[in-house]
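Input: a single structure, listed below in structure tokens.
Nothing in this text is a laboratory measurement; each read-out follows from the coordinates by a stated rule. Just so it is clear, the structure is predicted and the values come from calculations on it, not from any experiment. Please note: Cβ atoms are built from the backbone with ideal geometry, for glycine as well, and neighbour counts cover all protein chains shown.
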């Protein structure tokens with residue numbers, strides 16, 4: 001951040017290097033990949049826990 005002589009802050013936007021928000025990966029098809037490799041982050045419970 002830069003400041004003027006009177007103490008006012010001067011905002012200068014930064015370059016957008018993020019490929020997800022800059023549009024570089026707009027062609028990427030997440031749904032197709034999920035169909036091919038499945039989503040390993042979604043785990044469904046199997047069975048039932050025994051409480052003693």
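A few comments on the model shown:
- Ranked list, fewest to most other Cβ atoms within 10 Å of each Cβ, for 34, 2: 2, 34
- Protection proxy ranking of 4-10, 25-31, by the mean of other Cβ atoms within 10 Å over each peptide's residues and highest first, is 25-31, 4-10.
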